[in-house]
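Bear in mind that the values in this text are calculations on the coordinates, not laboratory data. Bear in mind the structure is a predicted one, so any value in this text is a computation, not a measurement. For neighbour counting, all protein chains shown are included, and Cβ atoms are generated from backbone atoms with ideal geometry for every residue, glycine included.
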Amino acid sequence: MAGDVSDFMKLWTQSDIESERLLQKFLLRGLDKVVQGESDVLSKLKIGNAASSPVVRWMEEWGYPSQITARLTGTTLTFSGHLFGKPITAESVKQAIRAGTILERPTDGVQAKVASITDLTAAVAAYGNTVLSDDAAPVSWEVIAEVWSDYRDAADPRSLDLVFREVGTQIHAETFEIPKTRKNTKYEIVSDEVEHQVTALLEKLRRQLAYAVLRSRPYHDGTSYVYGNKTEEPTMCGLCTWPTITQAELANPNVYVNKGGAALTKADLDNLAEHLWLDEHANYNAGNWHIVCHPLTHRFIHDFDISYRRMERDDKGVGFQVDTFDAKIGKSFPIISDRYLRPDTLILVNFAKTEYGYYANDRVDRKEIPTQGRYQRWLISFQTYGVVVRNPRANIGMIHGLPTS
């Protein structure tokens, strides 16, 4: 953007159609590129297509589960907990388990074959040369396989229900004015007062956009979030708000971890990566995964295992820098520290599933406001829609409650 400031200022005070078109293009490029250049997180977020609705909606579905919570008593399995993001029901059990399904208790390898299902219970028998033993409490059983043959008729067909997720928009605006005397006065360190003021104003807008993309929360009426034209309040959803939304639907403290002010440890990062993979079926073999934290939190990560490191005598640098975390599950995650992130939070996010964008025909607008005095006044505004995260449960996890000093 720095190389185009003079061109920008030439266009600023002109009002013909060509100048307006170029100014729109310049402002847009300036905001996008400089915001992304000054924020490592925003540089990873894609700019999506323009939205033509005050609410951006997309469809998702809960996948078929690989685990189910149940308690074995004798030859009866009693199901409990949640399925497909809701409290378990007889209908949802039919979508996951049916006669012939083989379940395994991972703690000891005991396998049970389902003979029949009645409401929330199943009659089972030991399978694969294992011996059934009672559960002291409900535990997770893994869905291993289903018995099938060439001559088995299809029964109990399955289907997944679709759900809608949505984000709203937010208007970003600033006014700028300058008296004619000040505009025409030359200062020692400011060669062009208008250029100086507009540059500072654009910097404020860039910072405002960065905070919004990371931290914005939709308006909440006390019961639920409200999007679109139902309120005049901003309804944009920031990247770091998504974990709170998904955890309100179905809590999983293993991927939404509250540290309560305690310092971050290696075990915390290992557990977050492991449970997002095991519990929410995150796919670390695809996408663009990063650990994102505030520089204060990154400081703790720099000190991990510091007592085991050593410096050679010919090293000319002082200190240690950690830019990658190697998790015990066999995956490596680059670490990004960003000053716009909340100091008490750390997120593990797949940027390939995230994007934000602009409202249709409202990317950047500059309007001169008529005045009665010897000064000029402009309004700069643009409207963005919230961060879209596809399948947020499987693509973003959070540790919060971290130290802030």
Most mobile listed residue (Arg390, Arg207, Arg182) in the chain, GNM with C-alpha springs under 10 Å:
Arg182
What full-extension length gain, to one decimal in nm, is calculated for Ser52 and Asp192 as 0.36 nm per residue of separation minus the Cα-Cα distance?
46.6 nm
Please identify which residues in the range 49-74 have an amide N closer than 18 Å to a label point set 7 Å out from the Cα of Ala286, following the Cα→Cβ vector.
59-66
Please arrange Lys180, Lys331 by counting, for each residue, the other beta carbons lying within 10 Å of its beta carbon, fewest first.
Lys180, Lys331
So what's the net charge close to Gly373: Lys and Arg +1, Asp and Glu -1, counting the other residues with Cβ under 11 Å from its Cβ?
+2
Using Cβ counts within 10 Å as a stand-in for footprinting exposure, how do Val55, Val167 rank, fewest first?
Val55, Val167
Given the Cα-Cα distance of Arg207 and Glu249 and 0.36 nm per residue of separation, how much length would full extension add, in nm?
12.0 nm
Each label sits 7 Å from Cα toward the beta-carbon; between His220 and Ala155 the label points are separated, in nm, by 4.7 nm
List every residue whose amide H lies under 5 Å from the amide H of Thr231, counting only residues 5 or more places away in sequence or on a different chain, with H placed 1.01 Å from N in the peptide plane.
none
Spin-label point model (7 Å from Cα, Cβ direction): what's the Lys367 to Asp270 distance in nm?
5.8 nm
With N set to the number of residues, divide the alpha-carbon radius of gyration of the chain by 2.2 N^0.38 Å and report two decimals.
1.28
For Gly401, other-chain or 5+-apart residues with amide H closer than 5 Å (H placed, Pro excluded) are Lys259
With springs connecting C-alpha atoms under 10 Å apart, model the chain as a Gaussian network and identify which of Ile369, Ile102, Ile380 has the largest mean-square fluctuation.
Ile369
Calculated FRET efficiency, Thr231 and Arg309, Cβ-Cβ r, R0 56 Å, to nearest 0.05?
0.60
Inverse of mean 1/r across different Cα pairs in the range 64-151, Kirkwood, Å:
12.9 Å
Report the extension gain between Arg182 and Ala123 in nm, rounded to one decimal, defined as 0.36 nm multiplied by the number of residues separating them, less their alpha carbon distance.
12.7 nm
